[in-house]
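> Before I ask anything, let me first share the structure, which is written out below as structure tokens.
The values are calculated or read from the model by the stated rules, or taken from the named source; none is laboratory data. Everything quoted here is computed from the prediction, not taken from an experiment. Don't worry about glycine lacking a Cβ; one is built from the backbone with ideal geometry, like all the others, and counts go over all protein chains shown. Ligands, DNA and RNA are stripped out before the accessible areas are found, and what is left, the full protein with its side chains, is counted by its heavy atoms. Shrake-Rupley method; radii C 1.70, N 1.55, O 1.52, S 1.80 Å.
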Amino acid sequence: MNRTFYVTTPIYYVNAHPHIGHAYTTVIGDFLKRFYKLDEIDVHYLTGTDEHGEKIYQAAKESSLPPLQFCNEISKRFEEAWNVLNIDNDDFIRTTEERHKKVVNQILKTVYDRGDIYYDEYEGLYCVGCERFMTEKELVGGVCVDHQQPPEKRREGNYFFRMEKYRDWLNGHIKDNPNFIRPVGYRNEVLGILKESIGDLSISRPKERVPWGIELPWDTDHV
Ligand SMILES: [Zn+2]
């Protein structure tokens, strides 16, 4: 049997140009690819750009460009940077590509059909920078620590993934498979998080607020 090894960087968010932090991660991925290849292991190395969401929509607006054109320009800079650094990636995925949207739709539909996605409305404190609702506990002096801005009060409908339902299963899976998360420090960190309720996960935004996203296959008013 052929031995295989898959390595990916995070796909980088295109609301900013590539910087040394992106390069650091991508060079480490490149190192792993070359190292395993020396051992005649069949390696697939992926990197790419994450191009949807409120932050990118706003960044495009600020530069007076249509979102896709904005993404094209920044994504190109990432590709160019990896060329300059002689990165040997096998693929470069962009979340605005049809092949990506197709897979997102398939996965969402499968999960939805199994009843693990539901709709709910709520009001909360929303940080635009973080693109998420925050708890009072997370705020310091009434502002988001990362963005030094007070969150807005917002009420909106989101679809949620029943994440809490899988907490016990995930906990068991990580315990039964010691190599599932490495190094062990991070494994313990995740196991620590799973000791308490993790809640359900908001997975959509109303399209009227965030038009720049992939439409949900069962409700095109949400992305
Ligand atoms: Zn924030």
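> So for the chain: antiparallel DSSP bridges make up what percent, rounded to the nearest 5? Walk me through the numbers before you get to the answer.
Numbers: 18 of 29 bridges.
The antiparallel fraction comes to roughly 60 percent.
> With +1 on the Cβ of every Lys and Arg and -1 on the Cβ of every Asp and Glu, and nothing else charged, how large is the dipole of the chain about its Cα centre, in debye rounded to the nearest 20? Don't skip to the end; give the middle numbers.
On the way: 29 positive and 37 negative charges, 59 e Å.
It works out to roughly 280 debye.
> I need two numbers for the chain: Rg to one decimal and Dmax as a whole number, Cα atoms only, in Å.
When restricted to Cα atoms, the chain yields Rg and Dmax of 19.7, 58 Å.
> Compute, for S197, the solvent-accessible surface of its heavy atoms (probe 1.4 Å) with the complete set of protein chains present, and express it in square angstrom to the nearest 10.
For S197, solvent-accessible area is about 90 Å².
> In what sequence, largest accessible area first, do L125, L68, L38 appear using a 1.4 Å probe? Walk me through the numbers on the way to the answer.
On the way: L125 40, L68 80, L38 150 Å².
Accessible-area ranking of L125, L68, L38, largest first: L38, L68, L125.
> Still on this structure, I have one more. What is the sum of charges around N89, taking Lys and Arg as +1, Asp and Glu as -1, for the other residues whose C-beta is under 12 Å from the C-beta of N89? Provide the component values of the computation, followed by the final result.
On the way: positive: K33, R34; negative: D30, E79, D88, D90, D91.
Local net charge: -3.
> In deg cm²/dmol, rounded to 500, what helix-only [θ] at 222 nm does the chain give when every DSSP H run of at least 4 residues adds -39500 (n - 2.57) and the total is split over its residues? Write down the numbers at each step before the final one.
On the way: 6 runs with 82 residues, N = 223.
Rounded to the nearest 500, the figure is -12000 deg cm²/dmol.
> Please return the longest stretch of the chain lacking exposed loop sites, where trypsin sites (Lys or Arg not before Pro) count only if DSSP places them in a loop and at most 15 other Cβ atoms lie within 10 Å. The partial results should precede the final answer.
Working: sites that count: R3, R114, R162, K195, R209.
In the chain, the maximal stretch lacking such sites is 4-113.
> Still on this structure: Tell me which aspartates and glutamates have Cα within less than 13 Å of K207's Cα, excluding those fewer than 8 residues away on the same chain?
List returned: E54, E156, E215, D219, D221.
> Kirkwood hydrodynamic radius (Cα pairs, Å) of the stretch 112-202?
Values: mean 1/r = 0.0648 Å⁻¹.
Taking every pair of different Cα atoms in the stretch 112-202, averaging 1/r and inverting gives 15.4 Å.
> With every protein chain present, what is the per residue accessible area of the chain (1.4 Å probe, Å²)?
On the way: 14070 Å² over 223 residues.
I get 63 Å² per residue for this part.
> Report in % the part of the accessible area of the stretch 112-202 that belongs to carbon and sulfur, leaving out ligands and nucleic acids; probe 1.4 Å.
Numbers: 3160 of 6270 Å².
Ligands and nucleic acids excluded, carbon and sulfur reach 50 percent.
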